[in-house]
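Enquirer: Got a structure for you, written out below as structure tokens; questions coming shortly.
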Amino acid sequence: MTDTAAAGTAPRTYKFASWNVNGLRAVLRKEPGFEEIFADLAADILAIQETKLQEGQVELELPGYTQTWSHAERKGYAGTAVFSREEPLSVRRADSLLPFAGEGEAADLVAVAVTEGRVCALEFERFWFVDVYTPNAQNELARIETRMAWDDAYRAFLKSLEEETGKPVVTCGDFNVAHEEIDLKNPKTNRGNAGFSDEERGKFTELLGVGFTDTFRFLHPDETGAYSWWSYRFNARKNNTGWRIDYFLVSDSVRDRIREAGIRSDIFGSDHCPVELVIDL
């Protein structure tokens with residue numbers, strides 16, 4: 001029985017959006033600015049990644065929304081935030097991954113990554129909403145060990161939320177991996193590179209395998225040319241030479257409630273575009 005059924009009330013339709021802004025202050029200076037785009041998205045919950053902020057550097061006027069932030073200790077780096085019409089019942093951040101990080105080197109690597117403001121996990125009456133900015137494996141896979149340890153801890157963390165509360169999980173953000181060849185323009189030349197290594201793809205397969213659904217592929221299994229990130233170089237966006245690395249995943253128990261899953265490539269301001277989900281919960 002899902003949490004919604006247990007509550008004895010009919011599910012409601014939610015609209016969610018997620019966007020890696022690649023520096024919120026930069027987006028605020030552009031036209032259209034962040035607040036205009038925020039209004040255009042008209043989401044019940046918007047998650048953002050790579051805010052690159054310290055506490056107090058930006059004051060956003062978003063009437064009717066609760067703001068939940070997680071800042072990196074390192075200045076101008078990473079960071080996440082969630083803006084929700086409903087106030088969350090509870091909030092967890094990246095340090096909640098530590099109990100799932102194992103021991104030894106893996107635990108040490110995760111301990112560094114959790115200082116980077118990479119998770120905002122919000123509990124609501126009927127579901128968890130978890131915003132994530134997954135560590136990039138970096139050029140020549142320089143940070144692949146951190147990435148593997150993070151992926152294992154994050155997967156276990158998500159499952160713990162389900163098991164602890166009986167509520168389905170919606171997780172979104174920049175997962176920094178194109179899962180299958182259909183998810184990037186040039187799979188053959190990128191094989192083994194950061195974001196399309198066998199290791200990273202394998203961990204994403206493991207995440208889906210423990211009970212999560214890629215909402216976009218659930219509704220659009222064969223759609224090509226659907227990307228959420230483009231390099232700033234080589235006219236990549238103009239030529240749609242992109243990667244789909246931004247996702248909405250949901251617990252398998254609620255995947256039949258997915259109504260819409262889209263990619264807003266019409267919205268500029270970052271090297272990523274927003275992704276969206278409409279679901280009954």
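Enquirer: Step by step: first the residues of segment 225-281, then only those that are part of a loop (DSSP other than H, G, I, E, B) and hydrophobic (A, V, I, L, M, F, W, C), then the one that is surrounded by the most Cβ atoms within 10 Å (Cβ to Cβ). Which residue is that?
Expert: The residue in question is I245.
Enquirer: For the condition aliphatic (A, V, I, L, M) and touching a residue at least 24 places away in the same chain (Cβ under 8 Å), what is the one hit in A94, A142?
Expert: Every option except A94 fails the conditions.
Enquirer: Of everything in segment 117-137, what is outside any strand (DSSP E or B), within 15 Å of the chain's Cα centre (by Cα) and of a type in the set (D, E, K, R)? Give them in sequence order.
Expert: R118
Enquirer: Mind counting the residues in segment 35-63 that are touching a residue at least 24 places away in the same chain (Cβ under 8 Å), touching a Gly at 6+ places or on another chain (Cβ under 9 Å) and under 23 Å from N136 (Cβ atoms)?
Expert: Counting residues in segment 35-63 that are touching a residue at least 24 places away in the same chain (Cβ under 8 Å), touching a Gly at 6+ places or on another chain (Cβ under 9 Å) and under 23 Å from N136 (Cβ atoms) gives 7.
Enquirer: When you check R85 against the structure, is it charged (D, E, K, R) and under 19 Å from L41 (Cβ atoms), yes or no?
Expert: It is true that R85 is charged (D, E, K, R) and under 19 Å from L41 (Cβ atoms).
Enquirer: Here is a follow-up. On the basis of being farther than 19 Å from R74 by Cα and in contact (Cβ under 8 Å) with a residue 12 or more places away in the chain, does C120 make the cut?
Expert: It is false that C120 is farther than 19 Å from R74 by Cα and in contact (Cβ under 8 Å) with a residue 12 or more places away in the chain.
Enquirer: Would you mention how many residues in segment 138-180 are assigned to a helix (DSSP H, G or I), over 18 Å from G102 (Cα atoms) and of a type in the set (S, T, Y)?
Expert: 1
Enquirer: Confirm whether L122 is out of contact with any helix residue (DSSP H, G or I) (no Cβ under 8 Å at 6 or more places or on another chain), surrounded by 23 or more Cβ atoms within 10 Å (Cβ to Cβ) and among the aliphatic types (A, V, I, L, M).
Expert: yes
Enquirer: OK, next. Restricting to segment 169-199, what's the tally of residues that are of a type in the set (G, A, S) and either without any contact (Cβ under 8 Å) to a residue 24 or more places away in the chain or farther than 14 Å from I245 by Cβ (or both)?
Expert: 1
Enquirer: Could you tell me whether G242 is on the phi > 0 side of the Ramachandran plot and in contact (Cβ under 8 Å) with a residue 12 or more places away in the chain?
Expert: No; evaluated as a whole, the condition is false for this residue.
A short reminder: the numbers here are calculations on the coordinates, not readings from a lab. Here the structure is a predicted model, which is why all the values come from computation and not from measurement. No Cβ is skipped: glycine too gets one built from the backbone with ideal geometry, and neighbour counts run over all protein chains shown.
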